[in-house]
Each structure stands twice: as structure tokens, then as C-alpha cells.
1. Restricting to region 151-173, name every residue that is at pLDDT 95 or above and of a type in the set (A, V, I, L, M).
2. Mind checking which residues of region 391-419 are farther than 12 Å from I356 by Cβ, in contact (Cβ under 8 Å) with a residue 24 or more places away in the chain and not in a helix (DSSP H, G or I)?
3. Counting only residues that are among the hydroxyl-bearing types (S, T, Y), give me the helices (runs of 4 or more DSSP H) lying completely in region 271-390 with at least 3 of them.
4. If a residue has to be open to solvent by 40 Å² or more (accessible area, probe 1.4 Å), part of a helix (DSSP H, G or I) and among the charged types (D, E, K, R) to count, how many in region 115-166 make the cut?
5. Can you pull out the residues in region 169-195 that are within 18 Å of the chain's Cα centre (by Cα) and in a strand (DSSP E or B)?
6. I need a count of the residues in region 196-247 that are assigned to a loop (DSSP other than H, G, I, E, B) and modelled with pLDDT under 90.
7. Tell me, which residue of region 330-388 that is under 30 Å from G258 (Cα atoms) and touching a Pro at 6+ places or on another chain (Cβ under 8 Å) is most open to solvent (accessible area, probe 1.4 Å)?
8. Do the conditions hold for V187, that is, is it more than 24 Å from L87 (Cα to Cα) and touching a residue at least 12 places away in the same chain (Cβ under 8 Å)?
Amino acid sequence: MGEHRPIEDDISQDRQAQLLTSTGNGPTVGNEEDLLAAEFGPADSRGIYGAPAAPDADTAEDGSGPRQLGQNTGGLEKMIQAMEAWLGTGEPNAIQAWYRERNGNAYAGNFAWCDATVTISAFVSDNYGAVNFDTDYAYTVAHAARFDAAKQWTPMTNGILKSGIRRGDIIFFDWDGSSSIGAIDHVGVVTSVSTDGQYVYTIEGNTANVCARRVRVVHDIAGYGRPKYPAVTGVTTSTPARYQVTVNGLAYGYGAKGDHITAVRTAVAKKGLGKHATTGATWSDADTLNFSDFQKSLGYKGTKAGQDADGVPGATSLVKLLGKLPAPAPKPKPTPQYEPFPGEGFFHAGRHSPVITAMGRRLVALGFGRHYTSGPGPNWTNADRANVRDFQMSRADLKGDPDGIPGPKTWAALRVPKV
């Protein structure tokens, strides 16, 4: 991060691999050979770890034969679905194996695979021409530069809303906050944009070494490339929004769980807007569609992800539905943990222990610390014993033997917090 990376025309795969490592974009761990060997077995004579390619990566979805590269027939929603299929993938993985199988020995290590995730997703969704210009990309700078050369690049210089970034765009990041292509660190795919322009929701490979959904702010976004997705006839592009928001400490949207989800569902149904059947306590696509109907009944417009009637609740619509914002249930207080009785032989002159300090502090908290002139501390002293005796004398169940030495009953009554 922070250093300008080379931008080169007609960059080869070997050069991409070299720059991927030399400019700090990878590898992600130092022991990649051990990881790969554990996952895939020993390397072959070329140094390539022979995992199988990703399932069906080179076969048409109907199983009829090899994919026809460059046909560009998939469309935006298939691209998103392909990215979603990799969610939760760790490393090493089939994405790396697929890219290595196609591009050779230069990718034998555990290379950074964020752009390889975009590449394989474009390939399997038949968007390889639109997203990747019929080229495999592992080096993010080269990929962004290709969008720029095609006049399909927008730098993030005017904020999220004014930039026009939207679902399906290929989003590039510079963690140092510039919009320079040569400073790009990372890449993902946009799934939606918040209506207030504060957040962009994404799916990214190789983020904390997994493929995951992320929420990004303008500082981190260098810019985006807009693929020329084909218009897919007969296929709707109104897939329900699948992002989450947090309102008053509770999560809403696809995959959110809890009693508050059931409460929203019940309230929507009472308004006669629950025609999309749904069950359970987890927010589903049906819940999104039902809540979108409620938002539209309020006069909100726009049902695409990130728009006002996309079916993901906001604070205003929740108040209109429920009358107030639900609040999370208070967290239960943790069960107190106490020090076990250390034994009567524990308490003698010369004993040094943090348990003695904890006991002394407990005595002070209970109002039995008058004999301390300093501390309490870790050494067992006559002051500790005198204060324990005062405590014993204060209780009918203990004052029959007020010797100042904690026994099991005295220790149980003291409830000394665990050190």
C-alpha cells in the first residue's frame, strides 16, 4: 500500500504474477507452499499444485459442452450470483487452482486472489468479455487500466452518489484513499449502494483471506469499471436486495435473524402486504418483497437494491410500520466468577499471591478494611487477618470461630472475584 504500481500495456500473465508479488499485493502468507501441499498434495514437475479446476468452470451450465468465450451472454445478475457462490471460501482454494491451471507456474504460490475471483466469476457466468475483456486478470492495476483504456472507468473523486456507482460495477480500492489506478490494492463487485450515499456494499475475494460481503466507504474506493453487460431477454433484473442494515442496534435485511424479524413480518401481514409467503425467524427474499410492497404503499420509489423501496427497512419506514424502533433486548449480566477456596494452609506469613490482593479488595468493598494502612497487596499480613476476623464477627454463621483465617465457609461468604 502507498506505493505507485506500474501500469503497463499488453501485460502478460508472467508479468502480472511478478507485479502481484513485487508490489505488495501478495502472497498473503509466507508458507504458501506448505498450505498448498496440505490442500492439494505435492507439486508436479512444473511446481504446480494439482488441484482440480473449480466445478464446471469450463462447461456450459446445461452441460452441453465447453463454454464459448467472448459470447458475453450472461448479464449483471449472473455475475452477482457467480460471486455469491464463492462466499465463505478460504485459502488455498479452487479459484487459485483454476487460475494457476490456466496461467501456469508463475501462480504456483498462494497468490493474492481478489481479482482471480472476479475473473473466474466473469468466466463461469458468461460475462468474460464484459468484465474481463476476454483476459484473465490477477493484477488489479492492469484490470483497472483496461477499463480506463476502454473509457469505462470512473474515479471516485465526486463522492459515492455523484459518481453513479451501482450494482454490478467492478470496484477497485486504494487503502490510502487516492483515486489513482497505480495505487490500487484490491477489487470486488458492487451489490448495492446505500440511499444516503455513505456506503457501497460489495462481494470481495481475498478479504481477510476469505470471500465475503463487505461495506465500504468513499475513502477506500479508488474508482470503478462499468462492464458492458448484455441485456438478457426474458430474465428479470429485479433480484431482491440482499444486503443488511443495522437500525437501533438490530440487523434487518437478507439473512438477519431474531424476534424483531418476526415482528416486522407480522406487522406487514396485518396491513395486507404479505402475499410473498415466508416462515421462520430469518429474513428471506420473500420478506424483502413484502417490505418493498409496504415501502411502495408509503409512496417510496425504486425497487432496485439500494433504492428507497428495495425492501430493506430504514428507520423511517420501521417507525411508520411499528410506531417505534424496536430495541435489542438487554444483554444478560455475566455470571460472576469467584476464586475457588485455596485451602486453609494457604493463609500464612510469607504467602504472596494475587488471590490475597483480590481478597483484600473484596474486604474493603464490604466495609472491612480498617486495618489496612496501605494496599491491600499480595502479601498475607496481620492486617489481612484482622480484617477477615472483623468480617467473621459480623456474621452469625461465622463468629463462632473468628480466628481471622479464612475457612471454606468464610471464603464462600466473601465471594472473592476470580483473578
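The values are calculated or read from the model by the stated rules, or taken from the named source; none is laboratory data. No experiment lies behind these values; they were computed from the predicted model shown. Heads up, the Cβs are rebuilt from the backbone with ideal geometry, glycines too, and the neighbour counts pull from every protein chain shown. To get the accessible areas, we keep the full protein, side chains included, count just its heavy atoms, and leave off ligands, DNA and RNA. Shrake-Rupley method; radii C 1.70, N 1.55, O 1.52, S 1.80 Å.
1. Correct list: M156, I170, I171.
2. Matches in region 391-419: S394, I405, G407, R415, P417, K418.
3. The helices (runs of 4 or more DSSP H) meeting that bar are 285-297.
4. 3
5. Correct list: I171, F172, F173, H186, V187, G188, V189, V190, T191, S192, V193.
6. 20
7. Q337
8. no
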